[in-house]
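**Q** There's a structure below that I have some questions on.
The values are calculated or read from the model by the stated rules, or taken from the named source; none is laboratory data. Because the structure is a prediction, the values reported are computed rather than measured. So basically every Cβ, Gly included, is an ideal-geometry build from the backbone, and we count neighbours across all protein chains shown.
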Amino acid sequence: MDENFEEEQLTGIIKFTPPLYKQRYQFIKDLVGKYKPKKVADLGCADCTLLWMLKFCSCIEVLAGLDICASVMKEKMHRLSPLPGDYLQPTERSLTVTLHHGSVAHKDPCMLGFDLVTCIELIEHLEQSELKKFPEVVFGFMSPSIVVISTPNSEFNPLLPGVTLFRHSDHKFEWTRAEFQSWALETARHYDYSVEFTGVGHPPKGMENVGFCTQIGVFVRKYPQASESAQSEKPPKAAYKTVFKAVYPSLKDEKYLQNAVVSEVIFTAQIIKQRLLDPLMSEHEEYNDDPTERKSKFQPSVSCFSGDLGKLDVEKGMAPFVDGNVVYIPLRTIFSFPKVNQLCGNFEKLHKLIAGKVTLSSDGSAVMFTIEHENEEN
Ligand code: SAM
């Protein structure tokens with residue numbers, strides 16, 4: 001049975017709002033908000049709910065999950081895949097999500113370089129032999145800036161109806177605050193981390209002496225990690241099996257950037273064209289003549305380009321114009337629109353990205369549209 005669900009039933013009489021597991025996840029989200037880690041690994045990630053929540057944190061670029069049970073990870077891992085909206089509007093941030101099948105008792109180079117490692121309700125599931133290896137794997141080998149470990153506080157158990165020995169049948173132990181803190185302080189001392197203790201799930205009024213229902217240790221590495229080249233040990237061979245990998249579309253990838261720029265250039269050019277032609281078309285209706293014959297009248301005013309797209313500074317020579325049945329919209333004008341400008345960064349990049357994708361004038365300085373269709377429709 002899902003352990004978080006089982007825990008909710010156990011804690012049913014003492015009502016935690018929100019449920020305890022959500023409070024644990026929120027604790028991690030808050031920590032991410034505070035430290036802004038780029039690379040986060042969740043050890044004992046189970047059905048990947050925490051990873052799924054973390055994928056919405058915009059600072060995170062790499063997310064990894066590890067669990068010894070492949071089937072539990074696979075249950076809902078599809079939630080970690082990009083959605084159609086991610087492809088329609090890629091963001092600047094890159095995001096890769098990977099799930100590994102393996103044990104926290106083994107080292108694997110894929111777990112190197114993380115800023116934050118979370119171990120939520122994991123250690124109490126470890127056999128003695130695994131628990132012994134765990135600190136060397138997480139603190140010694142992975143050596144992230146921050147490690148968060150949560151585990152049940154056994155002093156709270158008498159308040160949970162139905163708990164005789166442990167809160168879950170798979171728990172190998174449950175520690176008092178003193179037991180957890182002694183293990184955590186010794187681990188922190190050995191691997192040069194500092195540790196602070198807190199928790200989630202407040203005890204009821206008058207019972208404060210039992211402490212939080214879930215106890216949490218937040219470990220922060222005291223010194224910067226030695227650079228990879230300075231590390232003397234050879235990295236171990238891979239021990240985990242990758243069971244899932246998703247690379248989110250990002251504007252850092254030239255392919256997605258090009259799509260976004262081409263769409264934005266065409267969209268912007270269409271709007272400029274429309275604002276240029278609308279007055280022309282109404283005059284056409286008034287005089288019932290050919291609007292393209294009266295092109296001298298159609299030099300736009302600055303105000304006709306201010307609006308949803310941002311303020312446009314139309315300099316001399318940047319004004320769009322009509323010649324025959326062709327509308328010319330200078331690229332400089334398009335580049336001055338904030339979104340295009342922001343996407344490309346510089347004018348040369350704009351040129352490069354739209355080359356061959358957008359119809360340009362022979363000297364490459366303007367986007368061209370023919371207006372035959374508009375005339376026919378009118
Ligand atoms: N962290 C998740 C959460 O808070 O919702 C799930 C915690 S669940 C209680 C413990 C998870 O640890 C299980 O999914 C279990 O398969 C995993 N686990 C147990 N021993 C492990 C080991 N040696 N290495 C990696 N994962 C392990």
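**Q** Could you list all residues from the stretch 157-179 that are out of contact with any Lys or Arg (no Cβ under 9 Å at 6 or more places or on another chain) and crowded, with 20+ Cβ neighbours inside 10 Å?
**A** Within the stretch 157-179, Arg167 is the sole residue that qualifies.
**Q** Please tell me if Pro158 is part of a helix (DSSP H, G or I) and modelled with pLDDT under 95.
**A** Criteria met by Pro158.
**Q** Could you list, in sequence order, the residues of the stretch 369-378 that are surrounded by 10 or more Cβ atoms within 10 Å (Cβ to Cβ) and either more than 18 Å from Ile334 (Cβ to Cβ) or at pLDDT 95 or above (or both)?
**A** If the condition is that a residue be surrounded by 10 or more Cβ atoms within 10 Å (Cβ to Cβ) and either more than 18 Å from Ile334 (Cβ to Cβ) or at pLDDT 95 or above (or both), then Glu372, His373, Glu374, Asn375, Asn378 are the ones that fit.
**Q** Can you tell me how many residues in the stretch 233-273 are assigned to a helix (DSSP H, G or I) and over 20 Å from the mean Cα position of the chain (by Cα)?
**A** Residues meeting the conditions: 15.
**Q** Now for a separate question. Would you check which residues across the stretch 343-358 are closer than 14 Å to Thr268 by Cα and in a loop (DSSP other than H, G, I, E, B) and list them?
**A** Result: Val358, single match.
**Q** Could you say whether any residue in the stretch 249-262 is crowded, with 17+ Cβ neighbours inside 10 Å and over 30 Å from Ser365 (Cβ atoms)?
**A** Yes, some residue in the stretch 249-262 is crowded, with 17+ Cβ neighbours inside 10 Å and over 30 Å from Ser365 (Cβ atoms).
Residue by residue, here is whether (1) away from the ligand (no atom under 14 Å from the Cβ); (2) in contact with a strand residue (DSSP E or B) (Cβ under 7 Å, 6 or more places away or on another chain); (3) of a type in the set (S, T, N, Q); (4) modelled with pLDDT of 95 or more holds:
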position	(1), (2), (3), (4)
Ser129	no, no, yes, yes
Lys133	no, no, no, yes
Val148	no, yes, no, yes
Phe212	yes, yes, no, yes
Phe219	yes, yes, no, yes
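**Q** A further question follows. Output the residues belonging to the stretch 114-136 that are outside any loop (DSSP other than H, G, I, E, B) and touching a residue at least 60 places away in the same chain (Cβ under 8 Å).
**A** Leu116, Val117, Thr118, Cys119, Ile120, His125
**Q** Condition test on His171, is it more than 16 Å from the ligand (Cβ to nearest atom), in contact with a Pro (Cβ under 8 Å, 6 or more places away or on another chain) and not hydrophobic (A, V, I, L, M, F, W, C)?
**A** In short, no.
**Q** Starting from the stretch 184-207, take each residue that is under 15 Å from Val138 (Cβ atoms) and list its partners that are at pLDDT below 95 and surrounded by fewer than 12 Cβ atoms within 10 Å (Cβ to Cβ), counting only C-beta distances under 9 angstrom and pairs at least six apart or across chains.
**A** Asp192/Tyr223
**Q** So which of Glu179, Glu196 is over 30 Å from Ser81 (Cα atoms), within 30 Å of the chain's Cα centre (by Cα) and away from the ligand (no atom under 16 Å from the Cβ)?
**A** Result of the check over Glu179, Glu196: Glu196.
**Q** Which of the helices (runs of 4 or more DSSP H) found entirely inside the stretch 28-113 contain at least 3 residues meeting this: more than 15 Å from the ligand (Cβ to nearest atom) and farther than 27 Å from Gly140 by Cα?
**A** 84-88
**Q** Would you check if there is a residue in the stretch 1-18 being of a type outside the set (Asp, Glu), in a helix (DSSP H, G or I), more than 9 Å from the ligand (Cβ to nearest atom) and modelled with pLDDT of 95 or more?
**A** no
**Q** Name every residue in the stretch 221-235 that is touching a Phe, Trp or Tyr at 6+ places or on another chain (Cβ under 8 Å) and either surrounded by 14 or more Cβ atoms within 10 Å (Cβ to Cβ) or at pLDDT below 95 (or both), in order of residue number.
**A** Within the stretch 221-235, just Arg221 meets the criteria.
**Q** Consider Lys311 carefully, then state whether it is of a type outside the set (A, V, I, L, M, F, W, C), more than 31 Å from the chain's Cα centre (by Cα) and modelled with pLDDT under 90.
**A** It is false that Lys311 is of a type outside the set (A, V, I, L, M, F, W, C), more than 31 Å from the chain's Cα centre (by Cα) and modelled with pLDDT under 90.
**Q** If only one of Ser182, Ser194 is farther than 13 Å from Phe156 by Cα, among the hydroxyl-bearing types (Ser, Thr, Tyr), at pLDDT 95 or above and assigned to a helix (DSSP H, G or I), which one is it?
**A** From the options Ser182, Ser194, the qualifying one is Ser182.
**Q** List the residue pairs whose Cβ atoms are under 8 Å apart, where the first residue sits in the stretch 68-86 and is under 27 Å from His106 (Cβ atoms), the second is surrounded by 16 or more Cβ atoms within 10 Å (Cβ to Cβ) and of a type in the set (Lys, Arg), and the two are 6 or more positions apart or on different chains.
**A** Here the result reads Leu80/Lys55, each pair linking the stretch 68-86 to a residue that is surrounded by 16 or more Cβ atoms within 10 Å (Cβ to Cβ) and of a type in the set (Lys, Arg).
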